[in-house]
Structure formats: C-alpha cells, structure tokens
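S.K.: Take a look at the following structure, please.
The values are calculated or read from the model by the stated rules, or taken from the named source; none is laboratory data. These numbers come from a predicted model, not from an experiment. Cβ coordinates were reconstructed from backbone atoms using ideal geometry, including for glycine residues, and neighbour counts include every protein chain displayed.
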Amino acid sequence: MSKGLDVGTSFIVLSEQDGKKIKYKDFRDAFYIIKPSTPIATKMIEKGLNNKIFVKDTDGSFILLGKDAIEKAVERNETARRPMYRGVVSVKEKDAKKILAYILKEVVGKASEENEKIVFCIPAQPVDQEDDDFDVSYHEDIVKTILLEIGYDAKSINEAEALCYAELENTDYTGIGISCGAGMTNVCVMLNGEPTVVFSTTKSGDWVDRMASVATGEPDSVVQVEKEGGGFKIGEPNDNPVLGAVSTYYERLIEYTAKQLSFALSDHKSLPKFKHPITIVVAGGTSQAIGYVEKLHEKLIESNFPLQIDVVKHSDDPLHAVAKGCLIAASVLG
Amino acid sequence: MYIELLLFLLICWIQITVFIVGIYIGKNIISNNIENTNISTVKKEKNIPKNHINIDEKKVVLDINTKGLEKKYDSIAEETIQETDISTSVNKLKNMKG
C-alpha cells in the first residue's frame with residue numbers, strides 16, 4: 001500500500017488506493033486558540049465546543065482545528081491562524097510546527113506496514129521572492145521527520161509535477177501543470193514524464209483575500225468565507241462589495257500569473273522544443289472561481305506566452321488532483 | 001636673425017617643458033598605477049582560499065513535541081471515495097521512466 005499527501009497552505013489532503021477506488025481525506029489547514037481566563041470559563045467554553053473538532057492543551061487552552069477554527073474565528077470577528085504560510089511551515093506562527101505535526105499525524109495515521117511508501121508535495125522556489133522566511137528544504141525536513149515518526153518511508157515531489165502525473169496521461173505526460181493553491185502558484189513544464197522546468201510565484205488565493213480585506217475593511221476570514229461561497233465571476237462587477245473586490249483582485253492575480261509564466265519561460269535554457277501545441281492543466285482551490293481558466297488562457301495570449309497552446313483545461317477534481325498525483329508517484333516508486 | 005634666435009629659444013623652451021612634464025608623469029602617475037596593480041593582485045591572491053570548505057547552515061529540525069494535546073473529537077478529516085483506477089497511469093509512467 002502506498003499513500004499520497006498534499007500538504008497545502010489551505011488544505012491537507014491524503015489519498016490512498018482502495019482497490020479500483022481512491023479514498024481521500026480532506027482537512028482544512030487552520031487553527032484557532034481560545035484561552036479561558038477562569039476555571040468557570042473553561043467549563044463553559046468546553047460545553048460550547050461540543051461536537052467541534054478541538055484539542056485541549058496542557059496550559060488549559062482549547063485549540064480548534066479545521067473548518068470549526070475558521071467558523072469560530074469569523075464568529076468572533078477575528079482571523080483563524082494557519083500552520084503554513086505561502087506553501088511552507090509558517091515561521092510567523094510560534095505553534096506552527098507543533099500543530100502541523102499533530103494534524104499530519106491525525107490525518108495520515110500510522111503506517112499499515114513497516115516503511116510504507118508515502119509521497120508528499122513541496123513547493124518550488126519562487127521567482128518573485130527571495131528571503132530567509134522561504135525555506136523549502138527546512139519545510140521538507142519537518143514533514144519528512146513527522147512522517148518518519150509514524151513509520152513511513154517518505155519522499156517529496158514538486159506540487160505541480162504531481163498535478164502533471166494526475167492529469168497529463170492522455171498527452172503522454174507532456175504539457176504544463178499549474179497548481180493554484182492558497183499561498184502559491186506552482187508551475188511544472190513536463191516532457192514525457194520528466195519535469196524540465198519548475199518554479200512558483202508567491203501570489204495566489206490568500207493575496208486576493210488580503211487585498212479584498214484591505215479594500216473593504218473586513219477580516220481575511222470573512223473575505224475567504226464569502227469568496228468560497230461563490231456568487232461572482234472573475235472580472236465582472238458585483239453588488240456585494242466584498243465579492244466585487246474579490247472579482248477585481250482575481251483578475252489582477254491572473255494577469256500577474258500569466259505575465260510571470262510568460263517571462264519565466266521566455267528564453268529559458270531548459271524549456272523543451274515541443275513538436276505540437278501543448279496542453280495546460282490547472283488545479284487547486286484558487287482555480288475554482290468561475291471564469292478562472294478562461295481568463296488565464298486570455299491573459300497568457302495577451303502576455304505573449306512563448307509556447308503554442310492547444311488547450312487550457314481545468315482538472316475534473318481540482319482539490320484532489322495534487323494528492324492523486326502524489327499517490328501515482330508513490331505507486332510508481334513502490 | 002633676431003626672429004631665428006627667438007624661434008630657437010621657443011623650441012628649446014617647449015622641449016624642456018615636455019621633458020619635465022614627462023618626468024612628472026612617469027614618476028607620479030604611471031608608477032602609482034603600477035604599485036596599485038601590484039597591491040590588488042596581492043590582495044586577490046590573499047582572498048583565494050587554498051581549500052574552499054563550506055559549513056552546512058541548513059536549519060535543523062529539532063524534536064516536535066505533540067504530547068499533552070488531549071483529543072476531543074472522533075474524526076478530524078472528511079472522507080470521500082472516488083471510482084478511479086490509477087493502475088494504467090502507474091504502468092505508463094513506469095514504462096516511460098524505465
């Protein structure tokens with residue numbers, strides 16, 4: 001048995017094969033800490049958290065996890081915290097490592113056999129940010145250490161490479177995969193199953209939330225909930241001010257991504273000479289907004305994309321595609 | 001006669017001036033540059049280490065302790081099952097990668 005694991009900024013998704021089926025486990029990557037001030041408050045809060053997903057820490061505080069953390073944060077007009085930031089373990093959050101370790105152990109579970117194979121995804125080095133906060137190898141080491149502790153033989157692959165394995169079978173694993181996560185946009189150019197160019201940009205769904213939050217004065221969590229509720233089309237005006245801002249910033253994000261892609265691939269030494277126009281496959285939570293794929297295609301043409309495009313297609317299962325690709329990679333290794 | 005003498009003296013004066021300027025340039029400007037070149041060469045030689053050894057500054061992962069967190073739920077994640085057979089993808093990739 002092998003497993004695939006998508007360790008994302010907004011979602012952690014585990015995939016495992018069950019005969020001719022794939023079982024997915026989805027976890028919303030968020031937490032919210034409530035520190036009671038008195039023993040009476042502790043009892044009242046614990047009663048109020050009945051049926052919610054939470055853990056109790058040694059200092060008496062309650063750590064809500066997943067969707068319940070976001071709901072509670074919105075209820076209190078605050079923002080839920082995340083153990084990950086822009087695709088890697090957050091250095092800004094003091095509790096990030098401990099909480100990520102706990103979540104991963106709970107979602108993945110102990111290995112069913114000794115050294116069971118698991119492939120997890122990591123982001124590529126960004127082309128638009130250079131600072132010490134972004135340390136992919138440290139993030140990779142943390143995830144590997146956690147998985148090793150629960151009995152796995154863990155290997156990592158690039159997030160967009162995993163997407164190509166899940167979606168490019170019909171084109172002999174030749175084309176481009178773009179994984180639009182919450183924290184980052186990862187890109188992989190693949191030729192016959194070999195990743196030739198991989199890179200990322202640090203602006204994606206969270207950037208839209210943050211900018212829309214600044215424009216409307218609403219907390220990020222509220223913007224995120226409204227955005228995920230749908231009811232807007234990218235680039236079109238909306239009566240709801242939050243969704244109007246989200247729609248505008250989405251268009252700017254797509255334009256930025258298309259320009260970065262075109263710039264990064266123009267004259268790239270490792271870029272293969274494709275014989276035929278290529279397939280571009282898009283996945284990830286951020287790509288689920290109505291009009292995302294069409295707008296990306298339009299902006300790529302406008303920004304003089306250096307390769308001929310056959311089609312820009314959306315994954316059939318944008319939230320699970322990367323985890324599926326990781327599972328395929330794990331099965332190839334096993 | 002007078003004009004010829006004057007021209008002779010003028011040429012002599014020009015020659016002496018050019019000679020003095022030549023000595024000045026040779027002593028102060030060219031020799032300084034030569035000295036400077038020597039210094040920078042030496043400095044460069046000093047900067048090149050004989051055996052370049054790097055120290056591994058990669059951040060280490062220390063113990064990540066999750067003990068003491070008391071679980072208060074039944075299931076942490078949402079489960080979905082999909083009818084998808086990945087065996088053809090796996091075989092195709094195995095063949096392609098040799």
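S.K.: Residues to consider are A:LEU333, A:LEU319; find the one that is closer than 30 Å to A:TYR152 by Cβ, surrounded by fewer than 20 Cβ atoms within 10 Å (Cβ to Cβ), hydrophobic (A, V, I, L, M, F, W, C) and out of contact with any Leu (no Cβ under 6 Å at 6 or more places or on another chain). Working first, answer last.
M.R.: Values: A:LEU319 fails: surrounded by fewer than 20 Cβ atoms within 10 Å (Cβ to Cβ).
Only one candidate passes the filter, namely A:LEU333.
S.K.: Suppose we filter the range A:23-48 for residues that are in contact with a strand residue (DSSP E or B) (Cβ under 6 Å, 6 or more places away or on another chain) and in a loop (DSSP other than H, G, I, E, B); how many remain?
M.R.: Residues flagged as in contact with a strand residue (DSSP E or B) (Cβ under 6 Å, 6 or more places away or on another chain) and in a loop (DSSP other than H, G, I, E, B) within the range A:23-48 amount to 1.
S.K.: The conditions are (1) within 7 Å of chain A (Cβ to nearest Cβ); (2) farther than 15 Å from A:LYS105 by Cα, and B:ASP56 fails exactly one of them. Which is it?
M.R.: Tallying (1) within 7 Å of chain A (Cβ to nearest Cβ); (2) farther than 15 Å from A:LYS105 by Cα, B:ASP56 fails exactly one: (1).
S.K.: Going by the structure shown, is A:GLY217 more than 24 Å from the chain's Cα centre (by Cα) and within 14 Å of another protein chain (Cβ to nearest Cβ)?
M.R.: No: the conditions fail for A:GLY217.
S.K.: Right, another one. Of the conditions (1) assigned by TED's automatic domain parsing to the domain that holds A:THR257; (2) touching a Ser or Thr at 6+ places or on another chain (Cβ under 6 Å); (3) crowded, with 20+ Cβ neighbours inside 10 Å, A:LEU296 fails just one. Which one is it?
M.R.: Failed condition: (2).
S.K.: Go through (1) in a helix (DSSP H, G or I); (2) surrounded by 15 or more Cβ atoms within 10 Å (Cβ to Cβ); (3) over 19 Å from the mean Cα position of the chain (by Cα) for A:ASN238 and report which single condition fails.
M.R.: If we test A:ASN238 against (1) in a helix (DSSP H, G or I); (2) surrounded by 15 or more Cβ atoms within 10 Å (Cβ to Cβ); (3) over 19 Å from the mean Cα position of the chain (by Cα), just (1) comes out false.
S.K.: Of everything in the range A:157-192, what is touching a helix residue (DSSP H, G or I) at 6+ places or on another chain (Cβ under 9 Å) and farther than 22 Å from A:ALA264 by Cβ? Give them in sequence order.
M.R.: Across the range A:157-192, the qualifying residues are A:ALA166, A:GLU169, A:ASP172.
S.K.: Quick one: would you say A:LYS233 is among the basic types (Lys, Arg) and within 21 Å of the chain's Cα centre (by Cα)?
M.R.: It is false that A:LYS233 is among the basic types (Lys, Arg) and within 21 Å of the chain's Cα centre (by Cα).
S.K.: A follow-up question, please. Considering only residues that are touching a residue at least 40 places away in the same chain (Cβ under 8 Å), within 10 Å of chain B (Cβ to nearest Cβ) and of a type in the set (Ser, Thr, Tyr), which ones fall in the range A:133-172?
M.R.: Result: A:TYR138, A:TYR165.
S.K.: Looking at the range A:25-52, which of the residues that are surrounded by 11 or more Cβ atoms within 10 Å (Cβ to Cβ) and hydroxyl-bearing (Ser, Thr, Tyr) is nearest to the chain's Cα centre (by Cα)?
M.R.: Looking at the filtered set, the residue picked out is A:TYR32.
S.K.: Restricting attention to the range A:212-223, which residues are of a type in the set (A, V, I, L, M, F, W, C), surrounded by fewer than 23 Cβ atoms within 10 Å (Cβ to Cβ) and touching a residue at least 24 places away in the same chain (Cβ under 8 Å)?
M.R.: First pass over the range A:212-223, keeping only residues of a type in the set (A, V, I, L, M, F, W, C): A:212, A:214-215, A:222-223.
Still in the list and also surrounded by fewer than 23 Cβ atoms within 10 Å (Cβ to Cβ): A:214-215, A:222.
Passing the criteria: A:ALA215, A:VAL222.
S.K.: Quick test for you: out of A:VAL74, A:VAL55, pick the one residue that is within 13 Å of chain B (Cβ to nearest Cβ) and either crowded, with 17+ Cβ neighbours inside 10 Å or modelled with pLDDT under 90 (or both).
M.R.: Of the residues listed, the single one that is within 13 Å of chain B (Cβ to nearest Cβ) and either crowded, with 17+ Cβ neighbours inside 10 Å or modelled with pLDDT under 90 (or both) is A:VAL55.
S.K.: Might you check whether a residue that is touching a Lys or Arg at 6+ places or on another chain (Cβ under 7 Å) and within 11 Å of another protein chain (Cβ to nearest Cβ) occurs anywhere in the range A:87-94?
M.R.: Within the range A:87-94, one or more residues are touching a Lys or Arg at 6+ places or on another chain (Cβ under 7 Å) and within 11 Å of another protein chain (Cβ to nearest Cβ).
Results for (1) surrounded by 18 or more Cβ atoms within 10 Å (Cβ to Cβ); (2) of a type in the set (Val, Ile, Thr); (3) touching an Asp or Glu at 6+ places or on another chain (Cβ under 8 Å); (4) outside any strand (DSSP E or B), shown as yes or no for each residue.
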| site | (1), (2), (3), (4) |
| --- | --- |
| A:GLY177 | yes, no, yes, no |
| A:ALA182 | yes, no, yes, yes |
| A:PRO195 | yes, no, yes, no |
| A:VAL198 | yes, yes, yes, no |
| A:LYS203 | yes, no, yes, yes |
| A:ARG210 | no, no, yes, yes |
| A:SER247 | yes, no, yes, yes |
| A:LYS259 | no, no, no, yes |
| A:SER270 | no, no, no, yes |
